[in-house]
Amino acid sequence: MIAYIPRDNLIQEAEINKKTVMEFTPDSELANIYKKLSEDIENNNDFIIPTPMGEQELESFYFSNMEV
């Protein structure tokens, strides 16, 4: 997994306004997450083919990244 994109209402708000998150709120925390993800993808020199997480591993990862 390269990045965790949290659930955020900004995504729906941007869609309603027919914009991307980057266009709608370029200085938001969510936009910064997308920027970092794009940089990580562009700068990846490992070229590793990822393997899918198992259901239990994915669930554990999800719950460990939930905001309380």
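The values are calculated or read from the model by the stated rules, or taken from the named source; none is laboratory data. All figures in this text were calculated on a predicted structure; none of them were measured in a lab. FYI the Cβ positions are ideal-geometry reconstructions off the backbone, even for glycines, and counts take in every protein chain you see. These area figures cover heavy atoms from the full protein model, side chains too; ligands, DNA and RNA do not enter into them. Shrake-Rupley method; radii C 1.70, N 1.55, O 1.52, S 1.80 Å.
Things worth noting here:
- The chain, relative contact order [Cα under 8 Å, separation at least 6], %: 29 percent
- Loop-resident sites, the chain, for trypsin sites (Lys or Arg not before Pro), counting at most 14 other Cβ within 10 Å (DSSP): 7, 18, 19
- Structure-derived volume of the Cα convex hull per residue in Å³ - corresponding label in (i) 209; (ii) 67; (iii) 116: (iii)
- Estimated dipole of the chain in Debye, rounded to 20 [Cβ of Lys and Arg +1, of Asp and Glu -1, Cα centre]: 180 debye
- Residue (of 31, 2, 60) at the positive-pole extreme of the chain, dipole from beta-carbon charges: 31
- Filtered chymotrypsin sites (Phe, Trp or Tyr not before Pro), the stretch 1-63: DSSP coil and at most 15 other beta carbons within 10 Å: 4, 47
- In degrees, nearest ten, helix 29-42 long axis to first principal axis of the chain (Cα): 50 degrees
- Å² per residue, accessible surface of the chain at 1.4 Å: 90 Å²
- Degrees between helix 55-64 axis and first principal axis of the chain (Cα, 0 to 90, nearest 10): 50 degrees
- Residues listed by number, the stretch 11-53, amide nitrogen under 15 Å from residue 62 label point at 7 Å toward C-beta: 53
- Here the spin labels are modelled as points 7 Å beyond Cα on the Cα-Cβ line, and at residue 37 and residue 10 they lie 1.2 nm apart.
- Sequence of 13, 57, 42 when ordered by accessible area, the most exposed leading, probe 1.4 angstrom: 42, 57, 13
- When the helices of the chain are scored as -39500 (n - 2.57) per DSSP H run of n ≥ 4 and the total is divided over every residue, the value at 222 nm lands at -15000 deg cm²/dmol.
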